[in-house]
Amino acid sequence: MHGSSEAATVAALIAKARAAQKVADAYDQRQADRLCAAAAWAIMEPARNKALAELAVRDTGLGNVADKIQKNHRKTLGLLRDLHGAKSVGVIAEDRTRGITEIARAAGVVGAITPSTNPGATPANMIINAMKGRNAIILAPSPKGYSTAALLLRYVHDEFDRLGAPHDLVQLLPSPVSKALTHELLAQVDLIVATGSQANIRAAYSSGKPAFGVGAGNVAVIVDASADVTAAAERIVRSKTFDNATSCSSENSVVIVDSAYAAMTAALQAQGCMLLNADEKAQLQAVMFPAGKLSPIVTAKTASEIAHIAGIERAREAQVLMVEETGCGEDFPFSGEKLSPVLAVYRAANFADAATRIADIYAFQGAGHSVGIHASPERAESLALDLATQLPVARVIVNQAHCIATGGSFDNGLPFSLSMGCGTWGGNSFSDNLTYKNFLNITRIARPITAHMPEECALFADYFSRVNQ
């Protein structure tokens, strides 16, 4: 049982949220869209964006200000693009042939667990999606990300004042956010969206309430023999260094087909990567994985900072630290997620061998998330299809900077999101990018139509033709 104090605290927030949501429930589509715009401007307005990014880096110690500013802007702008013109109020679809009308309804009060790695962009994304469906939302940020969430909340409320919208549509658990308080929130809301540690995801799924949680990241990418290695290296390094690899979509392993190995490793080094020798790899492993677990001392630090901590002075100018790896699992910690500009490099005999290697990596960690392929345009389509039908992944990213592409980009068709479902492979209830649709209930009106009852022989024809041979 949760403590009576936590239960009462959350109950008070829920009561205010329900009162505010009742007001929003009467909003039309234009008013709902204005709520979205207000919440978006709260983080996109340049001075506020800068303040949020600076506070996030100062208080979490993760990532860098310039990339967080870019992430706050682009992810929010992309989300608004996806929402523009989308119906989320009243009748959203009609099928006269089937006699079905679909009506969008609010989910109610949403509880959102948000991570320290994206303490501004992820809460903003959750808030905007919730507002699109006229829901109320209560944030449960990580302790390190609390100050950023609190400042964002203040900015959101300032924008709501310009619309006359109730502040209590968006609330925040009081500080300090304890496990008990978060678990009580999960028990009392109508819907949970959780991004962050797997402990939080498990808590969301075991709360007894409907929950959308995300799986663990540990992205691996293949470099095929046909790849443009210069372009592939640029994409990988751009992705791996963005915000010091705070994203769950950053490349953690690159599996290079043998015939491209020398050229690709040279291309990576030309982009500022440094390949460590065996002794340096051991030094780095001792610092990164004491007792076999990833240490927070290196999380989202620059390669230069990590090299200094590990005592690898010749790598002080590196953009990415590379280590050659041959195995997967607990005895090979570099095969797991590293949340830093450190890249494991594998050598594969051919494409099929590379795919098998990635299957082994994902059997250890990262199943369900995504995989990348760098190949010539002529081969990319068939190779991507092979990966999509063989590997336990919800996304196959073709010839793109992975962390920028996976959560939606202006040059691909995935929806903008900071929460990626990993399907049953990753222990999740969904395999899409989280969108506003996940924050809606849909009521369907079903009318009588002309009956259409098929002949049994038509439905069983193929089966009977097989078994009666």
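Any read-out appearing in this document is the output of simple, stated calculations on the displayed coordinates, not a laboratory observation. In this text, all values refer to a predicted model and were calculated from it rather than measured experimentally. Don't worry about glycine lacking a Cβ; one is built from the backbone with ideal geometry, like all the others, and counts go over all protein chains shown.
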Please turn the phi angles of segment 89-101 into ³J(HN,Hα) values with the Karplus equation 6.51 cos²θ - 1.76 cosθ + 1.60 (θ = phi - 60°), one per residue in order, whole Hz, x for glycine and proline. 10, x, 6, 10, 7, 9, 10, 5, 4, 8, x, 10, 10
For the peptides 37-45, 270-278, what is the packing order when you average, over each peptide's residues, the other Cβ atoms within 10 Å and list the highest mean first? 37-45, 270-278
So for segment 6-120, using the alpha carbon gyration tensor with a ≥ b ≥ c as root eigenvalues (a/c under 1.5 gives rounded; past that, a/b versus b/c decides prolate or oblate), I'd call it oblate
Sorted by chain and then number, the residues having a modelled amide H within less than 5 Å of the amide H of residue 172, at least 5 places away or on another chain, are 139
Among 269, 210, 345, which residue has its Cα positioned farthest towards the positive end of the charge dipole of the chain, with +1 placed on the Cβ of Lys and Arg, -1 on the Cβ of Asp and Glu, and the dipole taken about the Cα centre? 210
Compute the Cα gyration tensor for segment 219-408, then decide on rounded, prolate or oblate, letting a ≥ b ≥ c be the square roots of its eigenvalues: rounded whenever a/c is under 1.5, prolate when a/b is larger than b/c in the other cases, and oblate in all that remain. prolate
So if I take the centroid of the Cα atoms in segment 234-255 and the same for segment 171-224, what is the distance between those two points in Å? 24
Obtain the nm distance between the two label points defined at residue 231 and residue 95 by a simple spin-label model: each point lies 7 Å from its Cα along the Cα-to-C-beta direction. 4.0
Expressed as cubic angstrom per residue, what is the convex hull volume of the alpha carbon set of the chain? 187
Have a look at the DSSP beta bridges in the chain and tell me what percent are antiparallel, nearest 5. 25
For residue 22 and residue 468, calculate 0.36 nm times their separation in residues minus their Cα-Cα distance, and state this gained length in nm to one decimal. 154.5 nm
What ranking, highest mean first, results for peptides 131-137, 401-407, 200-206, 160-166 when packing means the other Cβ atoms within 10 Å averaged over each residue? 131-137, 401-407, 200-206, 160-166
Check which residues have an amide H placed less than 5 Å from residue 273's amide H, if you skip close sequence neighbours. 319, 320
Under 14 Å from the Cα of residue 75 - aspartates and glutamates, other chains or at least 8 residues apart: 45, 67, 243, 411
Value at 222 nm in deg cm²/dmol, rounded to 500, when DSSP H runs of n ≥ 4 in the chain each add -39,500 (n - 2.57): -14000 deg cm²/dmol
Test of understanding: what is the full-extension gain from residue 86 to residue 199, defined as 0.36 nm times their sequence separation minus their Cα-Cα distance? 37.3 nm
Work out, step by step, the length gained on full extension between residue 386 and residue 150: first 0.36 nm times the residue separation, then minus their alpha carbon distance; give nm to one decimal. 80.4 nm
Between residue 372 and residues 5 or more places away or on another chain, which pairs have amide H atoms under 5 Å apart, with H built 1.01 Å from N, and which residues are they? 220, 221, 222, 397
If R0 = 56 Å, then residue 8 and residue 356, at their Cβ-Cβ distance, give a FRET efficiency to the nearest 0.05 of 0.55
Whole-Hz couplings from phi, Karplus 6.51/-1.76/1.60, listed for segment 171-177; x for Gly and Pro: 10, 9, 4, x, 7, x, 7
For segment 342-369 and segment 89-159, what is the separation of their C-alpha centers, rounded to whole Å? 35
From the phi angles alone, apply the Karplus equation (6.51, -1.76, 1.60; θ = phi - 60°) to segment 322-334 and give each ³J(HN,Hα) in whole Hz, x where the residue is Gly or Pro. 10, 10, 6, 10, 10, x, 9, x, 4, 7, 10, x, 5
